[in-house]
Amino acid sequence: MNTLATLILPLALLAPQIAGSLPVFGGLETGAEAGRAAPQPKPPAPLGLQSFGPSSFLQDAHRTPAQNQVRIERRVTIRISPARPTTQEQMMAQAAQAQAQAQAPVQIVERELDGCIPVQAIAGVQPGQQNRLLLFMHDTRVLSAALERACTPRDFYQGFYIDRTADGMLCPRRDRLQSRAGASCEVTRLSRLTVSRD
């Protein structure tokens, strides 16, 4: 009995050392080995330096505010439609009434206007003679807008477009009219059409 105990006792003392030196099969690991074998994750780099290099980071820090600004330009276009037939009929009726009251032939003459006219006051437009456009105003006046010599009034039979200016006015020798056909003509003169009994 004593002989058997003396043989088993040394083997029992060596068992933990033998088990630690044996290779692991089937994915079985001891707790100490699992801790040593698992790779440790690296801490993430700061966001500013992870995405950009140090040189680009410094360049962004020293960038002037003007490089980051966005300029937005707003352009407003106003369309003037062709004059309604009722407006033209009223003009002809007024001329006929003036002729009847005067009992003498009347003629329509142009009197040049000084300055500009409000664009919003224009009710409609109609092609006139030579290089003229007839502008029918909301206050029943009829004006004549002379265009450049190279322009023809027929291009504006569907009306015209004009860029809205800061003062909201249509001025001769400054503003241009855009037709729907693609023509661009400068207004050279504005006149008022009046009935003369002379």
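The values are calculated or read from the model by the stated rules, or taken from the named source; none is laboratory data. Treat the numbers as computed from the prediction; the structure is a model and nothing was measured. Every residue, glycine as well, gets a Cβ built from its backbone with ideal geometry; the counts of neighbours run over all protein chains shown.
As an exercise: evaluate THR194 against (1) at pLDDT 90 or above; (2) closer than 14 Å to LEU134 by Cα and give the number of the one condition it does not meet.
(1)
Just to be sure I understand, how many residues within the range 117-132 are in contact (Cβ under 8 Å) with a residue 24 or more places away in the chain and part of a strand (DSSP E or B)?
8
With respect to GLN90, determine if the residue is closer than 15 Å to THR194 by Cβ, assigned to a helix (DSSP H, G or I) and modelled with pLDDT under 65. Give the derivation first.
Values: closer than 15 Å to THR194 by Cβ: no; assigned to a helix (DSSP H, G or I): yes; modelled with pLDDT under 65: yes.
So GLN90 does not fit the description; no.
Looking at the range 111-147 only, could you name the residues that are farther than 15 Å from LEU193 by Cβ and exposed (fewer than 15 other Cβ atoms within 10 Å of the Cβ)?
Residues of the range 111-147 that are farther than 15 Å from LEU193 by Cβ, as a first pass: 114-116, 118-121, 131, 138, 147.
Correct list: ASP114, GLY115, PRO118, GLN120, HIS138.
List pairs: first residue in the range 149-165 and of a type in the set (S, T, N, Q), second residue part of a helix (DSSP H, G or I) anywhere in the structure, Cβ distance under 9 angstrom, at least six positions apart or on different chains.
THR165/VAL119
What about GLN59, is it within 33 Å of the chain's Cα centre (by Cα), modelled with pLDDT under 90 and not charged (D, E, K, R)? Step through it out loud before you land on a result.
Values: within 33 Å of the chain's Cα centre (by Cα): yes; modelled with pLDDT under 90: yes; not charged (D, E, K, R): yes.
Taking the combined requirement at face value, the residue satisfies it.
Can you spot a residue in the range 138-153 that is hydrophobic (A, V, I, L, M, F, W, C), closer than 15 Å to ARG79 by Cβ and more than 24 Å from the chain's Cα centre (by Cα)? Full working, then the answer.
Going through the range 138-153, the residues hydrophobic (A, V, I, L, M, F, W, C) turn out to be 142-143, 145-147, 150-151.
With the extra rule that they be closer than 15 Å to ARG79 by Cβ, the set shrinks to none.
No, the range 138-153 contains no residue that is hydrophobic (A, V, I, L, M, F, W, C), closer than 15 Å to ARG79 by Cβ and more than 24 Å from the chain's Cα centre (by Cα).
Just the residues that are surrounded by fewer than 18 Cβ atoms within 10 Å (Cβ to Cβ), in a loop (DSSP other than H, G, I, E, B) and touching a Cys at 6+ places or on another chain (Cβ under 9 Å), please, taken from the range 163-182.
Of everything in the range 163-182, those that are surrounded by fewer than 18 Cβ atoms within 10 Å (Cβ to Cβ), in a loop (DSSP other than H, G, I, E, B) and touching a Cys at 6+ places or on another chain (Cβ under 9 Å) turn out to be THR165, ASP167, CYS171, ARG174, ASP175.
Can you name the residue in the range 133-148 that is in contact (Cβ under 8 Å) with a residue 24 or more places away in the chain and not in a strand (DSSP E or B) and is also farthest from LEU170 (Cα to Cα) among such residues?
THR140
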